[in-house]
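Heads up, the thing below is written out as structure tokens.
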Amino acid sequence: MKFNIAVIPGDGIGPEVINQAKKALNAVANTYNHVFIYTEAQMGACAIDATGNPLPDETLAVCRNSDAILFGAIGHPKYDNDPSAKVRPEQGLLKLRSELGLFCNIRPVKAYEQLIDNSPLKREIISGTDISIFRELTGGIYFGIKELSEDGTVAFDGCSYSVEEISRIAHFAFKAAQNRRKKVTLIDKANVLETSRLWRKTVTEIAKEYSDITLEFLFIDNAAMQMILNPKQFDVILTENLFGDIISDEASVIGGSIGLLASSSIGNENSLFEPIHGSFPQATGKDIANPLASILSAAMLLEHLGLHEEAKAIEKAVEKSLELSIVTQDLNAESSFSTSKVGDFIADYIENPEDSNHNFQNIHMGQSTII
Ligand code: IPM
Ligand code: MN
């Protein structure tokens, strides 16, 4: 089959990890006879530098016309410590999410057996963890009214949610739970926030349509604690924008590295796939960043396009790279594998799952005949 994929490498390590994801997709295209047509576009600090706009109209148009969007990372230190900056790279991503209506952000968190000892958390606590976080992505305090008083001494961020905004993602979360362990945990702050009380009421109502699913509630402060005390209790987590942002970074510790977490952002018309990590400016251009989150984002992209076997092929290749420790240094301090070598291995394994074990030695020596 033929698909149009919009590719936004973005800032920092974005282009490096995106290249590895494309290698994986190309390997899938060769193996399963698909055609992926990539159209590259700019967003973030690089787009500000080139056009003054973090999300140029052209990028938006490319994304709208795509079957799926593959995105790298965004952000640059020159904006981070300048509260007076009028344009920021992150505005590009937020505007893209909002313009395309990408309301449902899915962030899977898994404790890979091979990486358990990489996590600062104890083996017995995290082993077997498998969580799917459903984060609302286009509402809440991120997109509320923002104000700064004229004298600059008082600031305001409004948070609002409608039944409609809550319902559409809640249905996605319940449906996902039906194919998993049949539990949804709504994380909120309903003891304090009016918006959270609307979430509870709306989600409780929707739960009646899913009698096979157990619905539980947790306040965000307690949930943050439970995430490291007993993460195995979670199956599907459903939550609003800001809480989802925070709890997903916390949950990434379970996987042993934030460099492993992929995500999808789904709307009615479009969908975007990206690692949850940032642009890691210190590593830019050094070929040391972990490409696995980006590669796993490509797997989520294929899954979304209905290419299940193809998505599995990428996931298997990632698991193999962990098993053989063909990983970057964040996962194994002793490792000598670069970002691109890990990408080469994954692509190689997708195309030749049978002989990659032999070829491993050659790849190690940089002498593979395939790569
Ligand atoms: C994320 C990021 C973004 C967010 C930033 C870059 C605006 O942290 O995707 O989690 O807060 O949503
Ligand atoms: Mn975040």
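The values are calculated or read from the model by the stated rules, or taken from the named source; none is laboratory data. Remember, it's a predicted structure, so these values are computed and weren't measured experimentally. So basically every Cβ, Gly included, is an ideal-geometry build from the backbone, and we count neighbours across all protein chains shown. These area figures cover heavy atoms from the full protein model, side chains too; ligands, DNA and RNA do not enter into them. Shrake-Rupley method; radii C 1.70, N 1.55, O 1.52, S 1.80 Å.
Give, in nm to one decimal, the length gained when the segment between Ile246 and Arg123 is fully stretched (0.36 nm per residue of separation minus the Cα-Cα distance).
Details: separation 123, 0.36 × 123 = 44.28 nm, distance 2.29 nm.
Here the segment from Ile246 to Arg123 would lengthen by 42.0 nm.
Using 0.36 nm per residue of separation minus the Cα-Cα distance, give me the extension gain between Asn230 and Lys201 in nm, one decimal.
Going from the current span to full extension adds 7.8 nm.
Just to be sure I understand the model, the point goes 7 Å from the Cα along the line to the Cβ. What's the resulting Asp212 to Thr39 distance in nm?
Label at Asp212, label at Thr39, 3.9 nm between them.
Report the full-extension gain for the segment Arg168 to Asn191: residue separation times 0.36 nm, less the Cα-Cα distance, to one decimal in nm. Before the final figure, lay out the partial values.
Working: separation 23, 0.36 × 23 = 8.28 nm, distance 2.35 nm.
Result: 5.9 nm gained on full extension.
Sticking with the crude label model, points 7 Å out along Cα→Cβ, report the distance from Ala333 to Asp221 in nm, one decimal please.
So the two model labels end up 3.7 nm from each other.
Give me the 1.4 Å probe accessible area per residue for the chain, excluding ligands and nucleic acids, in Å². Mind showing how you got there, number by number?
Numbers: 16240 Å² over 371 residues.
Solvent-accessible surface per residue comes out at 44 Å².
Could you tell me what percent of the accessible area of the chain is made up of carbon and sulfur, with a 1.4 Å probe and every protein chain present? Intermediate values should be presented prior to the final figure.
Numbers: 8310 of 16240 Å².
Carbon and sulfur atoms account for 51 percent of the accessible area of the chain.
In whole percent, what relative contact order does the chain give with Cα contacts below 8 Å and a gap of six or more residues?
On the way: 781 pairs, mean separation 82.1, N = 371.
About 22 percent, as a whole number.
When ranked by the protection proxy of mean other Cβ atoms within 10 Å per residue, highest first, what sequence do the peptides 225-232, 257-264 form?
Values: 225-232: 16.4, 257-264: 22.8.
In descending order of packing, they fall as 257-264, 225-232.
Could you work out [θ]222 nm for the chain from helices alone, using -39500 (n - 2.57) per DSSP H run of at least four and dividing by all its residues? Round to the nearest 500 deg cm²/dmol.
Values: 14 runs with 156 residues, N = 371.
Only helices count here, giving -13000 deg cm²/dmol.
Measuring from label point to label point, each 7 Å out along Cα→Cβ, what is the Glu269 to Asp57 span in nm?
1.6 nm
Sort out for me the Cα centre separation of region 89-143 from region 39-85, rounded to whole Å.
21 Å
Sort Lys86, Lys122, Lys110 by accessible area with a 1.4 Å probe, largest first. Before the final figure, lay out the partial values.
Details: Lys86 180, Lys122 125, Lys110 85 Å².
Most to least solvent-accessible, the answer reads Lys86, Lys122, Lys110.
So, in region 1-154, how many Lys pairs have Cα atoms under 21 Å apart, if the pair is 8 or more places apart or on different chains? Write down the numbers at each step before the final one.
Working: Lys2/Lys22; Lys2/Lys23; Lys78/Lys86; Lys78/Lys95; Lys86/Lys95; Lys86/Lys146; Lys95/Lys146; Lys110/Lys122.
Here the count comes out as 8.
So, in Å, what gap is there between the alpha-carbon centers of region 178-228 and region 233-267?
Region 178-228 and region 233-267 have Cα centres separated by 15 Å.
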